[in-house]
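For reference, the structure discussed in these notes is given below.
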Amino acid sequence: MAEMKDMSMEGEKEFTFSEAEYNEMMEQYQAERMKNLRRRRLPEQRTLHEALNAMTKPELEDIQYNLNLPMAGSLNRVKKAEMVESLEGEIIKFAGRWFVSAFQEQKDLFDYACQHEGLLTGLQQEDYRLDYLRGIGVLFCGMQKGELTWFMPEEIQAEYRKINNGAFADAVNLNTEVVRLSAGLVFYYGLIDYDQLYQKVCGYIDAELDFADFMGIIFNGGCWYPQIVAGKHDLQHESLMNLEALEEARCQYIKLAYAEFPYDRVYDAGEESYIESTEEYRALAQYLMRKKQLDVLKAAEAVRSIGIIIQNGYEMKDIIAFLAEHQLKMDTEAENRELNQLIGAYYAKMPLWVLKGHTTSEVPRQTEPTQVREGRKVGRNEPCPCGSGKKYKNCCLQKEY
């Protein structure tokens, strides 16, 4: 059995994977969300002015915040009409800039709206991404004939039509490729700062891409694709539980470069809910299917959960606790030993976040943190060499003394 090395991330709470409370919380959230969305009618004139007028002052303030606009003082002292008037022009200007970061799914949505007088039907109302588009003033909603209906205001449609040409379609294809590659890299790395992510993505694509445009794509992607999270300095995988703990654990491997992966492997890994179907993954999933009568999907989810536990620095005892909680612990000691061996083999071939995408066989365990004392001295206010995105004085400098 491949032994799981001690690369734990301190500062974590005990691992739990109970879904009951989470599902209950999400049900309550969706019920309250739908109640709020259903309390307004679809305006007869589907203009931006009417759409904003139907919102509450706190909702208007949310749009101000999302568009990075100056916030007025107390809402009690600001007239709603003034907020609406100031927001109209700002939203139109923002939309013109924001559309250039759109992905294919978004373009399909906007194309449909423009072809149907701004109306959108057949949407999955629980899709949180609709709230994102509403929060930046691109889509709005209201009740029509007892149904919640989404629409794109006339002024926003006009802005979209200005840029919706062949060049825009090419840009959307590039945006979609960029975010897919970025998500794939984060699948293997767990966390990577934007400068290094930009360099790696540019190494995969044929087109030239400005860094500012790249960041627009990434921040849009962080709100649109559930598998990635756009932080202040880094792009993160959705399953990363403790950013600071991963940064701390990586300080043992300061000189370690990010692992290199071929284009096809990275692109495939950018798919939502992707699982890398290695020989070790299949062996573990098939064992759970055979011994616990799981179907393919349940076995895949169980192995994916084990992978998340490993990537977040937990130990074998935490995996065992997870298996016990989900009635996946084996009935005999022999079966448990076999299961542990399969988990160990799966771990040994897994590109680990703490190792920046390398496997344990590629990187010997370092018993002492690497000291950055050779070559050019790193300035206190320069980026830390460990790649955390923090200043040197706030990261590894503190660990050297």
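Hey, any hits in region 227-247 for a residue that's part of a strand (DSSP E or B), in contact with a Phe, Trp or Tyr (Cβ under 6 Å, 6 or more places away or on another chain), among the aliphatic types (A, V, I, L, M) and under 22 Å from residue 356 (Cα atoms)?
Yes, the conditions are met somewhere in region 227-247.
Since residue 105 meets every condition but one in (1) charged (D, E, K, R); (2) modelled with pLDDT under 90; (3) surrounded by 12 or more Cβ atoms within 10 Å (Cβ to Cβ), which condition does it not meet?
Only one criterion is unmet by residue 105, namely (2).
So which of 184, 166 is closer than 23 Å to residue 107 by Cβ and touching a residue at least 24 places away in the same chain (Cβ under 8 Å)?
So the residue among 184, 166 that is closer than 23 Å to residue 107 by Cβ and touching a residue at least 24 places away in the same chain (Cβ under 8 Å) is 184.
Here is a list: 249, 183. Which entry is aliphatic (A, V, I, L, M), out of contact with any helix residue (DSSP H, G or I) (no Cβ under 9 Å at 6 or more places or on another chain) and crowded, with 16+ Cβ neighbours inside 10 Å?
Just one listed residue meets the conditions, 249.
Identify all residues within region 135-185 that are within 21 Å of residue 123 (Cβ to Cβ), in contact with a Lys or Arg (Cβ under 7 Å, 6 or more places away or on another chain) and in a helix (DSSP H, G or I); write none if there are none.
154, 172
Pairs needed: first member in region 324-342, surrounded by 10 or more Cβ atoms within 10 Å (Cβ to Cβ); second member anywhere, in a loop (DSSP other than H, G, I, E, B) and hydroxyl-bearing (Ser, Thr, Tyr); C-beta distance under 9 Å; at least 6 residues apart or different chains.
Close Cβ pairs (under 9 Å, with a partner that is in a loop (DSSP other than H, G, I, E, B) and hydroxyl-bearing (Ser, Thr, Tyr)) amount to 325/16; 325/18.
Within region 349-362, count every residue that is at pLDDT below 95 and crowded, with 17+ Cβ neighbours inside 10 Å.
Adding up the residues that qualify gives 1.
Go through region 298-323 and give me each residue that's of a type in the set (Asp, Glu) and touching a residue at least 12 places away in the same chain (Cβ under 8 Å).
Result: 315, 318.
Yes/no per residue for (1) buried (at least 16 other Cβ atoms within 10 Å of the Cβ); (2) modelled with pLDDT of 95 or more; (3) in a loop (DSSP other than H, G, I, E, B):
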residue	(1), (2), (3)
36	no, no, no
44	no, no, yes
50	yes, yes, no
58	no, no, no
63	yes, yes, no
69	no, no, yes
83	yes, no, no
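The values are calculated or read from the model by the stated rules, or taken from the named source; none is laboratory data. Predicted model only: the values in this text are computed from it and were never measured. In this analysis, Cβ positions are derived from the backbone assuming ideal geometry, glycine residues included, and neighbour counts consider all displayed protein chains.
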